[in-house]
Amino acid sequence: MRVVASTIAAEGAPAPPLARRIAALDWERIGTELDASGSATTGVVLTPEECAALASGYDDADVFRSHVVMARHGFGRGEYKYYAYGLPEPVATLRGALYPHLAAIANRWEVALGRPGDYPTRHETYLERCHAAGQKRPTPLLLRYREGDYNCLHQDLYGALSFPLQVAFLLSRPVADFTGGEFVLTEQRPRMQSRAEVVSLRQGEGVVFPVNQRPVQGGRGVYRVAMRHGVSRLRSGERFTLGVIFHDAA
């Protein structure tokens, strides 16, 4: 079984600043795993205190712009809320610090798919592009699942522009806080049946995965496959997840 090191300091020692933890991730491994299987875990990035603070803010209406009850829209069961600008910490730091590393992978993927590969290195610059296209609403979100809840397979597309990668962080403790509720990815390759993958996460750990498509090397060259993600049924307890999406919404 593959073991991914945590970027959190040893017990009793203060955690380094969040941006430094993100810079210290094994980005070469993350890129390699994304190429091979379409997802990659980060190891534990957020401290238990940071996870608890984010989850406890779910009822703070002032920091959110929108509240979605999934069953009303056929999205599944459970609910989520989109953050408003200005984004709270550590959401703003996560978005800004993760982006440059993911942009390098995204540009490589774009070139492989025969596209320009021109995502800028700074997230602020990419957001200017989104806003010029009329996509001005922030997309990071906080999701809450309770017993029996689930999230149908979907893609987080909010307009003409979409950044190819996103990250979901588990804020709750598996077993201690909830059971079930696994993160699920499916991949549809041309003229083949769909492939499913279940990604188990620890509290504070993230999974990086495609928003829409990814390149795959085949016998006759590179082709694109469509990806979707969701969450299986929660069997007990309560599960909170932070979704970090890098394009804004129309």
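Potential lengthening of the chain between ARG65 and ALA36 amounts to 6.8 nm, from the contour at 0.36 nm per residue minus the alpha-carbon distance.
In a fully extended conformation the segment linking ALA53 and THR121 would gain 21.5 nm over its present Cα-Cα distance, using 0.36 nm per residue. Estimated translational diffusion coefficient (Stokes-Einstein, Kirkwood radius over Cα pairs, 4 °C, 1.567 mPa s) of the range 48-165: 80 µm² per second. Electrostatic bookkeeping for PHE178 treats Lys and Arg as +1 and Asp and Glu as -1; over the other residues with beta carbon under 9 Å from its beta carbon, the sum is +1. Surface composition of the range 124-250: carbon plus sulfur atoms hold 49% of the accessible area, using a 1.4 angstrom probe and ignoring ligands, DNA and RNA. Full extension of the chain between ALA24 and HIS131 yields a length gain of 35.5 nm, computed as 0.36 nm times the residue separation minus the alpha carbon distance.
Thinking of the range 169-217 as a set of Cα atoms, what percent of all their pairs are more than 12 Å apart?
Looking at the range 169-217, the distances longer than 12 Å represent 70 percent of pairs.
The modelled label-to-label distance between ALA196 and SER236, using points 7 Å beyond Cα along the C-beta direction, is 2.3 nm. Return the distance in nm (one decimal) between the two label points of a simple spin-label model at GLN155 and VAL111, each offset 7 Å from Cα along Cα→Cβ. If labels sit at GLN155 and VAL111, their model points lie 2.4 nm apart. Ligands, DNA and RNA are left out, and with a 1.4 angstrom probe the accessible area of the chain is 47 Å² per residue.
Set the Cα radius of gyration of the chain against 2.2 N^0.38 Å, with N its number of residues, and you get 0.97. Think of it as helices only: each DSSP H run of n ≥ 4 in the chain is worth -39500 (n - 2.57), and spread over all residues that comes to -7500 deg cm²/dmol at 222 nm.
The values are calculated or read from the model by the stated rules, or taken from the named source; none is laboratory data. Note that this is a predicted model, so its numbers are computed, not measured. Cβ coordinates were reconstructed from backbone atoms using ideal geometry, including for glycine residues, and neighbour counts include every protein chain displayed. With ligands, DNA and RNA removed, areas are computed over all heavy atoms of the protein, side chains included. Shrake-Rupley method; radii C 1.70, N 1.55, O 1.52, S 1.80 Å.
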